[in-house]
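Report on one structure; see the data block that follows.
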Amino acid sequence: MNALDKYEPVIGLEVHVQLATRSKIFSDSSAAFGAEPNSATDPVCLGLPGTLPVLNRAAVESAIRFGLAVGANIRRRSRYARKHYFYPDLPKGFQISQYDEPLCEGGAISFRIKDQPRQVRLTRIHMEEDAGKNLHAAAGASFVDYNRAGVPLCEVVSEPDVRSAEEASEYMRAVRTLVRFLGISDGNMEEGSLRCDANVSLRLRGETKFGTKAELKNINSFKNVRDAIEHEIGRQAALLDRGARVVQESRLWDAARGVSVAMRSKEQAHDYRYFPEPDLPPLAVDEAWLARARASLPELPEERFKRYTTESGLTPQDAGVLVSERDIADYFDAVVAASKTAGAATAGVPVAKKVANWVLNEVLARIDDARKLGSPDLPVSPSALAELVDLVEDGTLSGKLGKDVFARMWQDGRRAAEIVKTESVSQVSDAGVIEAACQKVIAANPDEVARYKAGKVQVIGFLVGAVMKETGGKANPKTVNEILKRLL
Amino acid sequence: MSGPDVRGASIAALAEGVRSRRWKSRDLVEAYLDRIARLDKAVGSYLLVDAPGARGHADKVDAAVAAGQDVGPLGGVPIALKDIFVTRGIETTCGSKILRGFIPPYEGTPSGRLAAAGAVNLGKLNMDEFAMGSSNENSSRGPVRNPWALDRVPGGSSGGSAAAVAASLCAGSLGTDTGGSIRQPAALCGVAGMKPTYGRVSRYGVIAFASSLDHPGPFGRTVEDVAALMEVIAGHDPLDSTSIPAPVGRYREAVGAGIAGLRVGVPDEYFQAGMDPEIEASVRQALEVLAKAGAQISRVSLPHTQYAVATYYLVCTAEAASNLARYDGVRFGHRTPQAASLDELYSRTRGEGFGSEPKRRIILGTFVLRAGYYDAYYGKALLVRRKIADDFSAAFSACDVLVTPTSPVPAFRLGERMADPLQMYLADIYTVAPALAGVPAMSQCCGFTKAGLPIGLQIIGPPLGEEAVFRAAGAYQNATDWHTRLPDDLPMTAPR
């Protein structure tokens, strides 16, 4: 029997989001990723004796915007607390975090799985500083890079609402999409901007009490989220099946070997000795600040999804892809806004839907990272694509010609109108020209004409193809069809 | 060596002499360096004398004077810093072996402000390790001796700062006060010292012992000198989030402003059993002096005083255990030469680097904060701390300042209290409550015991009430001459 038939997984996620502020959360060195080891440091983030933290308000603002976007309650007064443990990458021997008075409480992350809406409730969102990074050299020596020490983090703690590895992975994607929509983080899991710990437990289906959980740490890609949780579900199911107990412990996911290893048990768990950070006064968030933050929120992914599926007439699948990344959605919206025909519909199909097809099938197929859509170096800007769409919609270009023109636009960055003009690629709708071509084709293919007249009407497709060939692909296929039928 | 006689000289006089070219700052530096060389072997107040740095800075001040430039209110005056103040490029150890060799890459705010005001730093002063102690016997580099009696302690933890001023080994100094560490040594050494309002002087670049209690502040021979230093080091600092953004008072003016009608409260709880009778007598006399100068004296009550020492040791040990976690041998200071594992690196480095008092407080503080006990200890202490602060608020609704003894006893003998930490902790009995409340308080000399040991008078003000404190202290000093007495230079050879 499949473990999932017998057991229901109960999963809560703790996601760390690195906030893309210019400087660190409590000091002024750069928070950017990828500098020379220990070059982006300062006395404060190194924890030098005598230094004191000064809160970066931009980091707080990012966290507030995130909280507002997920419908959390933003506390008007929150506090920072010290969380103590010893590790070389932790300069002060404690991490400044938040404990009993976090910045945000409640809220939910909304997303869709197989087009079904799903909501995972949040317990809290709190702010804290990141630690440095230990680097282990081959010779047994270890080094520490403190560039990351003090980079602002938001820890997003979910309720145990997640029920499968797939859901966990989709939840993570939703968090990434959201932080990118908000522009508060680059959301790169590979660079550690988004990291996840998962609390996983199993219970018999129908049981309402929670089982004993294990915490999986160090899950640093979408694939790992899925793999680690699936593996953990299997591990716990096997334990329960043979009557053994799940031990409450932290386990480290080893992606290379595809297994998790026990780190420390509940008894060995750190006593973090939290207490209010005496070097920082309580953080007050007033109504004016909240209002400013609220006003700065963009249209969020789920709001856009609703707009695309209702007003724009897109399928949930297409809308889902468009809102998966802010740059795609923004690009799409910009094309629609620039197009003269996008408000209309041809043959009952809304042009917005056709724009979506252009974006999804032509544009996205040509880039490896959707975020490049936001780049000014993109060979086909939204307005350029809108121009092309309009040329197709007004019949100047056939769909096929449009795609050819798009390919050329992508290649050399020229506008569609220019390509049409200089290379005379526009569609031929002149009935006289087309009729001449049709007569030529009818004369050259007596057998096919005979079969058509005998009732094999599908032969018309062959004849249309021949006319298209004759006209160098420029004839309007609809006109060709009509004229052929009349002549035959 | 000839040159100006700096023994007993005031900051105001020295600065005026530099400005008016009566002498050069360099001459003052040489005079102090000469005294340090001759006398400090016996006192032990300096951990580091930065002769080249002081000479270089003095020469710059002299050049600026010669060029007719403004050299600042403390232009050319030699001062010294408790070794808890972070100084760029100058070893800063906090009196601990664990920071031996630590050369900070940045300058702290208080010392930076002194330098910007023209003061010349002679060096770093001895202290109890990490400011933990009341006798300066907890220094990893040996004790400081009281210039009035070399077999006695100078008080602590800013023992070096008080003794150096008392022995005229610098014109003024900075110390820190967490539970009494400025006021108690000032009392025991017969000098003036102020613990300002919490947040009045920046803690940026002041090595933390107990963050919510650490108060940097000045020592001077006179109340005016303390006021002059306060005017320079006080003020908002964006690098310290607990720093108060309020304008700095006119402290020197307050010293001479008189106290006609000033309401002086005398807390009953500060005149109880255990006080040395000679001290009580001196403080009572001081109250008469204040009354004669125009103050209205009345009794007040600070009912939670009896809980102050216990509260203090819960708060300060918890914060100390946290603040001292960063000394792990990874980035700076002492690192054990023999460690086979990470755990061993930590335990050996910290075992070797910390003295017994920091170890005791780390263990106490770790206990106080452990899971499940927060409410019983640290949380409770914060509640009582609020009550103690409320006591002061209530008292200041009826008074402008409070007057008490600074220390229940005069300077005790070296070694006398080392065996009994609890007895040592009680040396702070009159100073911890104002520290917990964060209110400004000052100690100045108000007499001597028959054995010739200084007695300290504590004047406490409301939050940001430094000017009231300076008014009262100034009026008392103007009516007495205790501050003009100096310890003898002659017997200052090391005993034994």
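General remarks:
- Of everything listed in (1) assigned to a loop (DSSP other than H, G, I, E, B); (2) touching a helix residue (DSSP H, G or I) at 6+ places or on another chain (Cβ under 6 Å), the single unmet condition for A:V120 is (1).
- When the stretch B:3-17 is limited to residues that are in a helix (DSSP H, G or I) and without any contact (Cβ under 8 Å) to a residue 60 or more places away in the chain, the one that is surrounded by the most Cβ atoms within 10 Å (Cβ to Cβ) turns out to be B:G17.
- Tabulated pairs, the stretch B:193-217, first crowded, with 24+ Cβ neighbours inside 10 Å, second basic (K, R) and part of a strand (DSSP E or B), C-beta under 7 angstrom, 6+ apart or interchain: B:H215/B:K195; B:G217/B:K195
- Test: B:Q306 is away from chain A (no Cβ under 12 Å) and under 27 Å from B:G133 (Cα atoms): yes
- Looking across B:D151, B:D214, B:D240, one residue alone is of a type in the set (D, E, K, R) and in contact with a Gly (Cβ under 8 Å, 6 or more places away or on another chain). It is B:D240.
- All conditions in (1) out of contact with any helix residue (DSSP H, G or I) (no Cβ under 9 Å at 6 or more places or on another chain); (2) within 14 Å of another protein chain (Cβ to nearest Cβ); (3) under 28 Å from B:K97 (Cα atoms) hold for B:F209, with the sole exception of (1).
- Per-region count, the stretch B:105-126, residues within 14 Å of chain A (Cβ to nearest Cβ) and touching a residue at least 60 places away in the same chain (Cβ under 8 Å): 8
- Residue among A:V54, A:V17, A:V10 that is within 14 Å of chain B (Cβ to nearest Cβ), of a type outside the set (G, A, S) and either closer than 30 Å to B:T109 by Cα or in a strand (DSSP E or B) (or both): A:V54
- Helices (runs of 4 or more DSSP H) wholly inside the stretch B:279-376 containing at least 3 residues that are over 27 Å from the mean Cα position of the chain (by Cα) and charged (D, E, K, R): B:342-353
- Top-ranked residue of the stretch A:20-41 - restricted to ones that are crowded, with 20+ Cβ neighbours inside 10 Å and over 14 Å from A:E128 (Cβ atoms), ranked as farthest from the other protein chains (Cβ to nearest Cβ): A:A20
- Subset of the stretch A:403-454 that is of a type in the set (G, A, S) and at pLDDT 85 or above - its residue that is farthest from A:G473 (Cα to Cα): A:A454
- Just so you know, in the stretch A:354-372 the residues that are within 18 Å of A:F305 (Cβ to Cβ) and modelled with pLDDT of 90 or more include one that is surrounded by the fewest Cβ atoms within 10 Å (Cβ to Cβ), and it is A:N357.
- Filtering the stretch A:73-83 for residues that are more than 10 Å from every other protein chain (Cβ to nearest Cβ) and among the aliphatic types (A, V, I, L, M) leaves a non-empty set.
- Checked against (1) under 30 Å from B:L383 (Cα atoms); (2) more than 14 Å from chain B (Cβ to nearest Cβ), A:P282 meets all criteria but (2).
- Looking across the stretch A:1-35, the residues that are in contact (Cβ under 8 Å) with a residue 60 or more places away in the chain, farther than 17 Å from A:G234 by Cα and of a type in the set (D, E, K, R) come down to A:E14, A:K24.
- Test result for B:D390, farther than 26 Å from B:G142 by Cα and modelled with pLDDT under 95: no
- In the stretch A:260-272, residue surrounded by the most Cβ atoms within 10 Å (Cβ to Cβ) [restricted to those that are at pLDDT 90 or above and in contact with a Phe, Trp or Tyr (Cβ under 8 Å, 6 or more places away or on another chain)]: A:S260
- In the stretch A:373-406, of all residues being outside any helix (DSSP H, G or I) and under 28 Å from the mean Cα position of the chain (by Cα), the one that is surrounded by the most Cβ atoms within 10 Å (Cβ to Cβ) corresponds to A:V380.
- Sole exception among (1) farther than 30 Å from B:I103 by Cα; (2) of a type outside the set (A, V, I, L, M); (3) surrounded by fewer than 22 Cβ atoms within 10 Å (Cβ to Cβ) for A:Q98, by number: (3)
- Across the stretch B:436-477, the qualifying residues are those that are among the β-branched types (V, I, T) and outside any strand (DSSP E or B), and the one among them that is farthest from B:W148 (Cα to Cα) is B:V439.
- Taken over the stretch A:274-289, the criterion of being under 25 Å from B:Y198 (Cα atoms) and surrounded by 12 or more Cβ atoms within 10 Å (Cβ to Cβ) is satisfied by A:Y274, A:F275, A:P276, A:E277, A:P278, A:D279, A:L280, A:P281, A:P282, A:L283, A:V285.
- Pick from the stretch A:367-392, criterion touching a helix residue (DSSP H, G or I) at 6+ places or on another chain (Cβ under 6 Å) and among the charged types (D, E, K, R), ranking: farthest from A:A416 (Cα to Cα): A:R371
- Assessment of the stretch B:410-419 against the conditions (within 15 Å of the chain's Cα centre (by Cα) and assigned by TED's automatic domain parsing to the domain that holds B:T197) yields no matching residue.
- Unmet criterion (only one of (1) within 13 Å of chain A (Cβ to nearest Cβ); (2) hydrophobic (A, V, I, L, M, F, W, C); (3) buried (at least 20 other Cβ atoms within 10 Å of the Cβ)) for B:L342: (3)
- Selection of the stretch B:237-248 for residues being in contact (Cβ under 8 Å) with a residue 24 or more places away in the chain and within 21 Å of A:P49 (Cα to Cα) yields B:D237, B:L239, B:D240, B:T242, B:S243.
- Scope the stretch B:261-278; condition under 16 Å from B:V403 (Cα atoms) and assigned to a loop (DSSP other than H, G, I, E, B); matching residues: B:G261, B:L262, B:F271, B:Q272, B:M275
- A count restricted to the stretch A:228-279 and to residues that are aromatic (F, W, Y) and more than 14 Å from every other protein chain (Cβ to nearest Cβ) stands at 1.
The values are calculated or read from the model by the stated rules, or taken from the named source; none is laboratory data. All values reported here derive from a predicted model rather than from experimental measurement. A quick note on method: Cβ atoms are made from the backbone with ideal geometry, for glycine too, and the neighbour counts reach across all protein chains shown.
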